[in-house]
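Visitor: This is the structure, below, for whatever I ask next.
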Amino acid sequence: MSVPLTFSGRVVLVTGAGGGLGREYALAFGERGAAVIVNDLGGDIKGGGKSSAAADRVVEEIRAKGGKAVANYDSVEDGEKLIQTALDAFGRIDIVVNNAGILRDRSFARTSDLDWDLIHRVHLRGSFLVTRAAWNHMKNQKFGRIIMTSSAAGIYGNFGQANYSAAKLGLLGLANTLAIEGQKYNIHCNTIAPTAGSRLTETVMPPDLLESLKAEYVAPLVLWLCHESCQENGGLFEVGAGWIGKLRWERSLGRIVRQKNQMVTPESVRDTWSEICDFTDATKPASIQESLQTLVDVLSRVDTGITANPTSAVSIKAAGTNPSAAIGHTLAEMSFTYTHMNCILYALGVGMSTKDPHHLKFLFEGHEDLSVLPTFGVIPAQSSMTGLSSVPGLDIDFTRLLHGEQYMELFKPLPTSGTLSSKATVADILDKGSGMLILLDVHTYSGKELLCYNQFSVFIVGSGGFGGKRTSQKAVLTADPPNRAPDAVIVDETSKDQAALYRLSGDWNPLHIDPSFAAMGGFKSPILHGLCSFGFAARHVLKQYAGNDVSRFKSIKVRFVKPVYPGQSLQTEMWKEGNRVHLQCKVKETGGVVLSGAYVDLHAVAAADTSMSASPPQTAGLQSDLVFAEIERRIKDVGAELVKKVNAVFGWEITKDGKTAREWTIDLKTGSGSLHKGAYTGKADVTFTVTDEDFMEVVMGKLNPQKAFFAGKLKVRGNIMLSQKLEAILKEHAKL
Ligand code: NAI
């Protein structure tokens, strides 16, 4: 025999317990040892009249069976008084069953203000007032069970019950939020939609049905939901006739109706209507986080040009964890197009500032040595994380996802603009007991060339214990720092808006900006992105040990330990051991470690130089080749004159189909001038980047160089003033 559910020591308030369902609950609780407050106003079903008889009768019944009970005759609109009765009589309140109710049925057109208001006052406002009066007592004692009484009329609608339906479904909304707010205090709130014969239903049900749908069939569900051993919270149940069913939301996969840089139109909604409403492969979102996750997923899909449906993805899926199905699974390739704007925005996001003159090369597109921070390499790769939701064999609750660790390796410095593609593979899945660890490997390419490798270690709290392995050869491991005081320390403030700025680089999780979303996650305010602290730490190492030379950066590994709040200062402690710089990052104000086991590996100086001199791919058949051939001839003729006039070295990057196709150097500084293919071995005074086509437009005089510059067609690095001399040089050749 299983252990019977008892309630000794518990104090229960049942509202509207003078008859019908409430009476059954009160009797059942009384029988099982609870002290019961039997509340009933004792009015008629429309909310008129008042009498103490109903409550008194039930109290007597409970006492006659040896139970403990007291009566309360106040209206639920006096919520505090009901709870005070419990406190006065028994010193505490553990369980509140909001049950009191009346009916004022009318067709909608005939519903008066009074019909509307009375129903809302008793059902919705009454439940609110009673529950609020009990809330702090429950919170302080870290125990509480609350029942809201909804109705099928609210869930499905019912003719003549507009006022009642609205109030009854309002109770469900109230319960949904109380379940969330109460969870950490062990206060659970569930909702029932009962059906039973009572004076409320006798006008709508035939007598024999009224008789058979006994109120006592509903009470057992209420008792179970209110027991301390029941962990159900936020549930909605239909109950009657000795049957209980649970309800939840179902949502169609839906359809993305927006495309990048385009407005949504009513026509696109009309034309995809049947798909929007198609419940094949429907999902069952269970939290606002899952709901938002869908939107985050959609934003990244629209942004990367994937306008297929969000996969079932975005919600919890039915299948359990099956590592063998998931390991090795390759996700849909993600494309990422960016310009120097993204690189600069990222640099600002990780705290770079014009206050430090050495930061200028990361912040000013006109800088002669415009560079991309190495850790920008996580940006094209990060959207792959959203793809985890579509991996077979994984059943991920995204609200429980923590970014555990990050490894990133660069194979060459990142270009300042371009289109990159990222391919992600589930490298391994580990069972850590308290959770599941997913290793996601993401390789990012420019064309066929591998630029960057990321390993995301993603921890899903509570998803462990599926019998998987605990370690993996594929995991890039953290490394502890040497046991001595750090060799160098850099402290940097994060601004109050650091997270607001960083998220513009593509991590739209509201956790980093929306206070109420952060509160749901248990944080006192929005937190900084782990990858933002990661960016701070990496650039501290780059500054301290590599003179901000991005070509020296090889790789970084960190473990995320604790959140950082925007406005706090980050303190990066560094230990140099050969080409490895161990690091640890703390919040200066608290001393709490936020990044641990971390390191940056640097290239030795010589190695870095060779990787830099790799020449771009050469492409045949550029129109601009003819112009440069002509320039070469001209330099032979009048080079000495041009050197006098111009006295500068011009670099040219001619692009075709988004890639650098040719580089030229026009040296009008040395000797009598020269032109050669390829980048200048020293530093050009100014470098122009332009497509083959636009170059020709400029040369032909169809496009003014200044206009081309402001239209973003001609990019200039270095001494921008020298572009004034450009027109003169090119114009000569336009006459050809
Ligand atoms: P009932 O009329 O037998 O019980 C409701 C009790 O609430 C009455 O004793 C009444 O005096 C009391 N009450 C009314 N206004 C009050 C106030 N302001 N303060 C304190 N007590 C007040 O009806 P029944 O059927 O037992 O209903 C209980 C709850 O279940 C109600 O909330 C009702 O809307 C809900 N419900 C019942 C269904 C059914 O099939 N019986 C169907 C769906 C919902």
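Visitor: For Gln473 and Lys644, what is the calculated FRET efficiency with R₀ set at 60 Å and r taken between the beta-carbons, to the nearest 0.05?
Guide: Efficiency computed from Cβ-Cβ geometry: 0.40.
Visitor: Moving on to the next point. Return one number: the angle in degrees, 0 to 90 and rounded to the nearest 10, between the long axis of the Cα atoms of helix 20-31 and the longest principal axis of the Cα atoms of the chain.
Guide: That helix lies at roughly 90 degrees to the long axis.
Visitor: Quick one: what do you get for the chain if you divide its Cα Rg by 2.2 N^0.38 Å?
Guide: Expressed relative to 2.2 N^0.38 Å, the Cα Rg reads 1.29.
Visitor: Mind pulling the per residue volume of the convex hull built on the Cα atoms of segment 93-243? Å³ is fine.
Guide: So the per-residue Cα hull volume is 102 Å³.
Visitor: Follow-up. If segment 384-487 were replaced by its equivalent ellipsoid, with semi-axes equal to the square roots of 5 times the Cα gyration tensor eigenvalues, what would those be, largest first, whole Å?
Guide: Working from the Cα gyration tensor, I get semi-axes of 26, 22, 11 Å.
Visitor: Hey, what number do you get for the chain at 222 nm if only DSSP H runs of n ≥ 4 count, each worth -39500 (n - 2.57), divided across all residues, to the nearest 500?
Guide: The helix contribution divided over the chain gives -9000 deg cm²/dmol.
Visitor: What distance in nm lies between label points placed 7 Å from Cα along the C-beta direction at Val461 and Ser52?
Guide: 5.0
Visitor: Which whole-number percent of Cα pairs in segment 519-567 have a distance greater than 17 Å?
Guide: Everything past 17 Å amounts to 46 percent.
Visitor: Assuming 0.692 mPa s and 37 °C, estimate D for segment 177-231 with Stokes-Einstein, Rh taken as the Kirkwood radius over Cα pairs, in µm²/s.
Guide: Calculated translational D: 249 µm²/s.
Visitor: Sticking with this one: In nanometres, what is the gap between the two model label sites at Arg106 and Ser324, each 7 Å from Cα along Cα-to-Cβ?
Guide: Calculated label separation equals 6.7 nm.
Visitor: By how many degrees, between 0 and 90 and to the nearest 10, does the Cα long axis of helix 340-349 differ from the longest principal axis of the chain?
Guide: 50
Visitor: Hey, another quick one. Give me the lysines in straight-line cross-link reach of Lys557: C-alpha distance below 19 Å, same-chain residues under 8 apart excluded.
Guide: Output for Lys557: Lys412, Lys474, Lys543, Lys576, Lys586.
Visitor: Please work out the FRET efficiency for the pair Thr419 and Phe523, using the Cβ-Cβ distance as r and a Förster radius of 35 Å; give the result to the nearest 0.05.
Guide: 0.45
Visitor: Regarding segment 100-161, what's the average projected area of the Cα-atom convex hull, expressed in nm²?
Guide: Dividing the Cα hull surface by four gives the mean projection, 4.8 nm².
Visitor: Quick one: if you stick a label point 7 Å off each Cα along the C-beta vector at Ala286 and Asp657, how many nm between them?
Guide: Label-label distance for Ala286 and Asp657, simple model: 4.9 nm.
Visitor: Kirkwood Rh over Cα pairs of segment 44-113 into Stokes-Einstein at 25 °C, 0.890 mPa s: D in µm²/s?
Guide: Result for D is 169 µm²/s.
Visitor: Could I ask something else about it? Using Cβ contacts closer than 10 Å as the measure, can you line up Asp492, Asp514 from fewest to most?
Guide: Ranking Asp492, Asp514 by Cβ neighbours within 10 Å, fewest first, gives Asp514, Asp492.
Visitor: Right, another one. Length gain on complete extension for the stretch Met721 to Glu365, per 0.36 nm per residue less the alpha carbon to alpha carbon distance?
Guide: Gain in length upon complete extension: 126.7 nm.
Visitor: To continue, here is another question. If you keep only loop residues by DSSP, which trypsin sites (Lys or Arg not before Pro) in segment 148-240 have at most 13 other Cβ atoms within 10 Å of their Cβ?
Guide: Counting only loop positions with at most 13 other Cβ atoms within 10 Å, the trypsin sites (Lys or Arg not before Pro) in segment 148-240 are Arg199.
Visitor: What FRET efficiency comes out for Val491 versus Lys260 if R0 is 60 angstrom and r is the Cβ-Cβ distance? Round to the nearest 0.05.
Guide: 0.90
Visitor: Moving to a separate point now. If amide hydrogens are placed 1.01 Å from N in the peptide plane, which non-local residues have theirs closer than 5 Å to the one on Phe553?
Guide: Counting only residues 5 or more places away or on other chains, the set is His603.
Visitor: What does the extension gain come out to for His676 and Lys448, with contour length at 0.36 nm per residue minus their alpha carbon separation?
Guide: Using 0.36 nm per residue and subtracting the Cα-Cα distance, I get 79.4 nm.
Read-outs throughout are calculated quantities, based only on the coordinates presented, and are distinct from any laboratory measurement. Treat the numbers as computed from the prediction; the structure is a model and nothing was measured. No Cβ is skipped: glycine too gets one built from the backbone with ideal geometry, and neighbour counts run over all protein chains shown.
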